[in-house]
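Undergrad: Questions regarding the structure given below will be posed in turn.
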Amino acid sequence: YQRGQYFLNRQSGIDAEKAVEYFRKAISIDSAYAPAHSGLASALCLKGWFNVASVREMHPKARCAINRALQLDEHLAEAHVALAYIKMNYEWDGDGAYLDLLRALDLDPGNALAYRCIAGLMAVRANFPDAIAHIEKAYERDPTSFSISIPRAWIYYLAGQYEDVVNACNEILELDPNLIRARSLLGLAHEQLDNG
């Protein structure tokens, strides 16, 4: 399960595939372990998100995994975050996702991923002050998570705060100098600063 979480946090298609393998191994060891089902749902979503597999194929599998996680433990905050992620990215149900995220925060007020997902919803709605406030809450709780730090840099980019993007990308690259997404975003931010 911990290895699955590690690869899930790496936020890439190849790592999502590895996360799926580890979560399936955890489920084979203990099929009643709800967090492994929740992690599997999130990893399957990422496979679709990064086009490693078709969304059409991943959506029902992710839905099945999250339904099993919630059946096993309806009070598992991370399962409500995974459900929100499915609703946001595959079902286009932002309002339903927001309610699931509030439920996750009710169950675990310190859940960094719930704050990150709320920040994403706010950014999609171009509500950048709220998006930044929520992504900073997420980052305060888990500053080494790429699943938080990369969206943080993107939210700053979308908000037009390019100096903040540069700082955020440099923090990411300090943890992993080879992370291409951070290097690409850093280049985009410098381009905007040079043209500004």
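Undergrad: What number of residues within segment 111-126 are open to solvent by 40 Å² or more (accessible area, probe 1.4 Å) and farther than 18 Å from GLY96 by Cα?
TA: Total satisfying the criteria: 1.
Undergrad: Give the residues of segment 41-52 that are part of a helix (DSSP H, G or I) and either open to solvent by less than 20 Å² (accessible area, probe 1.4 Å) or of a type in the set (S, T, N, Q) (or both), sorted by residue number.
TA: ALA41, SER42, ALA43, LEU44, CYS45, LEU46, GLY48
Undergrad: I need the full set of residues from segment 147-159 which are open to solvent by less than 30 Å² (accessible area, probe 1.4 Å) and over 14 Å from SER184 (Cβ atoms), in order please.
TA: Answer for segment 147-159, where residues must be open to solvent by less than 30 Å² (accessible area, probe 1.4 Å) and over 14 Å from SER184 (Cβ atoms): SER147, ILE148, SER149, ARG152, ILE155, TYR156.
Undergrad: Look through segment 88-108, keep the residues that are of a type in the set (Asp, Glu) and part of a helix (DSSP H, G or I), and return whichever of them is surrounded by the fewest Cβ atoms within 10 Å (Cβ to Cβ).
TA: ASP95
Undergrad: Another one. Hey, any hits in segment 160-178 for a residue that's open to solvent by 70 Å² or more (accessible area, probe 1.4 Å) and among the β-branched types (Val, Ile, Thr)?
TA: No: segment 160-178 contains no residue that is open to solvent by 70 Å² or more (accessible area, probe 1.4 Å) and among the β-branched types (Val, Ile, Thr).
For (1) at pLDDT below 95; (2) farther than 20 Å from LEU102 by Cα; (3) over 18 Å from the mean Cα position of the chain (by Cα); (4) among the polar types (S, T, N, Q), each residue gets a yes or a no:
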position: ALA19; (1), (2), (3), (4): no, yes, no, no
position: ALA26; (1), (2), (3), (4): no, yes, yes, no
position: LYS47; (1), (2), (3), (4): yes, yes, no, no
position: ARG63; (1), (2), (3), (4): no, no, no, no
position: HIS80; (1), (2), (3), (4): no, no, no, no
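Undergrad: Quick one: in segment 28-40, of everything that is closer than 24 Å to ALA114 by Cα and over 15 Å from the mean Cα position of the chain (by Cα), which residue is surrounded by the fewest Cβ atoms within 10 Å (Cβ to Cβ)?
TA: That would be ALA32.
Undergrad: Need the failing condition index for VAL55 against (1) surrounded by fewer than 19 Cβ atoms within 10 Å (Cβ to Cβ); (2) under 16 Å from the mean Cα position of the chain (by Cα), just the number.
TA: Looking at each condition in turn, VAL55 falls short on (2).
Undergrad: Out of curiosity, is TYR85 within 23 Å of ARG181 (Cβ to Cβ), open to solvent by 20 Å² or more (accessible area, probe 1.4 Å), part of a helix (DSSP H, G or I) and without any contact (Cβ under 8 Å) to a residue 60 or more places away in the chain?
TA: For TYR85, the condition - within 23 Å of ARG181 (Cβ to Cβ), open to solvent by 20 Å² or more (accessible area, probe 1.4 Å), part of a helix (DSSP H, G or I) and without any contact (Cβ under 8 Å) to a residue 60 or more places away in the chain - is met.
Undergrad: Something else now. Going by the conditions given, is ILE14 β-branched (Val, Ile, Thr), out of contact with any Gly (no Cβ under 6 Å at 6 or more places or on another chain) and open to solvent by 60 Å² or more (accessible area, probe 1.4 Å)?
TA: So ILE14 fits the description; yes.
Undergrad: Please find, within segment 65-78, the residue that is most open to solvent (accessible area, probe 1.4 Å) out of those that are among the hydrophobic types (A, V, I, L, M, F, W, C), in a helix (DSSP H, G or I) and more than 14 Å from PHE23 (Cα to Cα).
TA: Restricting to residues being among the hydrophobic types (A, V, I, L, M, F, W, C), in a helix (DSSP H, G or I) and more than 14 Å from PHE23 (Cα to Cα), the top hit is LEU72.
The values are calculated or read from the model by the stated rules, or taken from the named source; none is laboratory data. Bear in mind the structure is a predicted one, so any value in this text is a computation, not a measurement. All Cβ positions, even for glycine, are placed from backbone atoms using ideal geometry, and neighbour counts span all protein chains on display. Ligands, DNA and RNA are excluded from the accessible area calculation, which covers all protein heavy atoms including side chains. Shrake-Rupley method; radii C 1.70, N 1.55, O 1.52, S 1.80 Å.
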